[in-house]
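Okay, structure first, notes after.
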Amino acid sequence: NPAVTLSLRLIPYSDDLWMLVARDVSRLLQLEQMRRDFVANVSHELRTPLTVVHGYLDMLDPDEHPDWAPMLAEMQRQSQRMTQLVEDLLMLSRLESQDSLPAEETVAMAPMIATLRREANALSQGRHEVIVEDTAGVDLWGSNKELHSAFSNLVSNAVRYTPAGGTIRVRFRREDKGAVLEVIDSGYGIPAAHLPRITERFYRVSTSRSRESGGTGLGLSIVKHVLNLHQARLEITSEVGRGSTFSCHFGADRVRPRDEFALSEAL
Ligand code: ADP
């Protein structure tokens, strides 16, 4: 195979000597590709049987079988969860397999933020105070679908990891020449030791709490990949018992003036 990938490292050896270490990482990259393909194929294959199970479950009427009602509800909940897991895995393999966004567009932030507000309220069902601030007055440049999925994951985490009575704040503001979208909660917080690994696939601070809260363990991985594709940076600050802030920092080249006229037409 003529294609060989080398990893090069230059290490200081003495005052006037450097050492160049070359490592052949072709096999490593090949294995990584095989792992990605495997996950993508398995997820894809699981989709059809899941759709069938889901479909038949929906046809069973709990009113006709009152004794089955709790079991049916639980089966529905679990099959929904599995469907979400498969969808998240597919999204993650798609994100991992691309180096750049396939198509870029203006991402209208006023409707995006209105959607995030609706989603936060729907998930919270009145258990939290939801505050949304949009002072940036600009739009972003990138992929609407992907950015929505990233922001939506952050909002869903904020609601799921904040006990009732807490506050969820979504803020979009200017920063230097760029813009930042922040999701701030007054929830459980994340111990500092976990922060470096929190965006890894299936990494969880407390497995039981996360399972109960209904997540797939892939949310922050998706967020990280989406932001990377937008050359944006995810910053996480958190204090146990006080809450967490997830900030998505976008550079100046991702910011577009907001077209107020188009917006008022659309509304
Ligand atoms: P999950 O589906 O488990 O929520 P994520 O990738 O979205 O998966 O998050 C990974 C882990 O990070 C969670 O299991 C939880 O332990 C922690 N976490 C994420 N967001 C928050 C938050 N806002 N507050 C506290 N912990 C959080």
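The values are calculated or read from the model by the stated rules, or taken from the named source; none is laboratory data. Not measured: the values here are computed from a predicted model. Positions of Cβ are generated from backbone atoms using ideal geometry, with glycine treated the same way; all protein chains shown enter the neighbour counts. Keep in mind that these areas ignore ligands, DNA and RNA; they rest on the heavy atoms of the full protein, side chains included. Shrake-Rupley method; radii C 1.70, N 1.55, O 1.52, S 1.80 Å.
Once the chain from residue 29 to residue 167 is taken as fully extended at 0.36 nm per residue, the excess over their C-alpha distance is 45.3 nm. Heavy-atom surface analysis with a 1.4 Å probe gives region 164-267 a carbon and sulfur content of 48 percent of its accessible area. Just want the answer: with Cβ charges of +1 for Lys and Arg and -1 for Asp and Glu, which residue in 30, 101, 124 is farthest toward the dipole's positive end in the chain? With unit charges placed on the Cβ atoms, the residue in question is 30.
Counting only DSSP beta bridges whose two residues both lie in region 101-222, roughly 65 percent are antiparallel.
A dipole drawn for the chain from +1 and -1 charges on Cβ atoms has a positive end, and of 220, 89, 148 the residue lying farthest that way is 220. Spacing of the modelled spin labels on residue 97 and residue 228, each 7 Å from Cα toward Cβ, amounts to 1.6 nm.
For the chain, a simple Cβ point-charge model (Lys and Arg +1, Asp and Glu -1, everything else neutral) yields a dipole of about 640 debye relative to the Cα centre.
Per residue, the solvent-accessible area of the chain (1.4 Å probe, heavy atoms of protein chains only, all protein chains present) comes to 60 Å². Heavy atoms only, probe 1.4 Å: what % of the accessible area of region 94-137 goes to carbon and sulfur, would you let me know? Here it works out to 46 percent.
Once neighbouring chains are kept in place and the probe is 1.4 Å, which whole percent of the accessible area of region 25-68 is contributed by carbon and sulfur?
The C+S portion of the solvent-accessible surface of region 25-68 is 63 percent.
Taken over the chain, the percentage of Cα pairs per 5 Å bin, counting from 0 up to the bin with the maximum distance, is 1, 5, 10, 13, 14, 15, 13, 11, 8, 5, 3, 1, 1, 0, 0, 0, 0. As a calculated quantity, the FRET efficiency between residue 59 and residue 19 at R0 = 51 Å, using C-beta atoms, amounts to about 0.15.
Tell me, in nm to one decimal, what length is gained between residue 207 and residue 51 on full extension, where the rule is 0.36 nm per residue of separation less the Cα-Cα distance?
53.5 nm
Work out which helices of the chain, taken as complete DSSP H runs, extend at least 15 Å along their axis over the Cα atoms and score a mean Kyte-Doolittle of 0.5 or more, then list them. Helix filter hits for the chain: 219-229.
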